[in-house]
Amino acid sequence: MQTADLIWMNGEFVAWEDAKVHVLTHAMHYGTGVFEGIRAYETPDGTPAIFRHSDHLDRLEASAKLYYMDLPFS
């Protein structure tokens with residue numbers, strides 16, 4: 001299997017071989033985490049658009065609050 005050189009982990013790109021999580025990580029065993037799939041669509045004038053972007057971000061924030069997670073991005 002071919003791997004990437006870098007991977008996004010905890011807010012920064014790190015070398016693939018340095019991306020490690022603790023064996024007792026709750027998300028790995030129990031699937032805890034937050035995710036909101038946001039897609040951009042091409043418009044007739046060629047600029048991308050996101051349908052109901054604010055609603056996506058509101059759901060992401062609400063999910064994070066359930067786990068007492070602070071979102072480090074505004």
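The values are calculated or read from the model by the stated rules, or taken from the named source; none is laboratory data. These numbers were taken from a predicted model, which means no experiment stands behind them. All Cβ positions, glycine included, derive from the backbone under ideal geometry; neighbour counts span all protein chains shown. Heads up: the accessible areas ignore ligands, DNA and RNA and are worked out on the full protein's heavy atoms, side chains in. Shrake-Rupley method; radii C 1.70, N 1.55, O 1.52, S 1.80 Å.
Overview of results
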quantity	calculated
Förster radius 30 Å - calculated FRET efficiency between Ser74 and His29, Cβ distance, rounded to 0.05	0.45
Cβ charges +1 (Lys, Arg) and -1 (Asp, Glu), total dipole of the chain, debye	280
Potential lengthening between Ile7 and His22 on full extension [0.36 nm per residue; Cα-Cα distance subtracted]	3.7 nm
Net charge over other residues, Cβ less than 10 angstrom from the Cβ of Met9 (K, R count +1; D, E count -1)	-1
Most to least packed among 56-63, 4-11, 42-49 [average Cβ atoms within 10 Å]	56-63, 4-11, 42-49
Fraction of accessible area attributable to carbon and sulfur, the chain (%, probe 1.4 Å)	57
Region 1-49 - percent relative contact order, Cα under 8 Å, separation 6 or more	17
Span per principal axis, largest first, for the Cα atoms of the chain (Å)	47, 35, 22
Accessible area (Å², per residue) of the chain, counting only protein heavy atoms and a probe of 1.4 Å	94
Charge-dipole axis of the chain as Lys and Arg at +1 and Asp and Glu at -1 on Cβ define it, positive-most pick from Phe73, Tyr30, Phe13	Tyr30
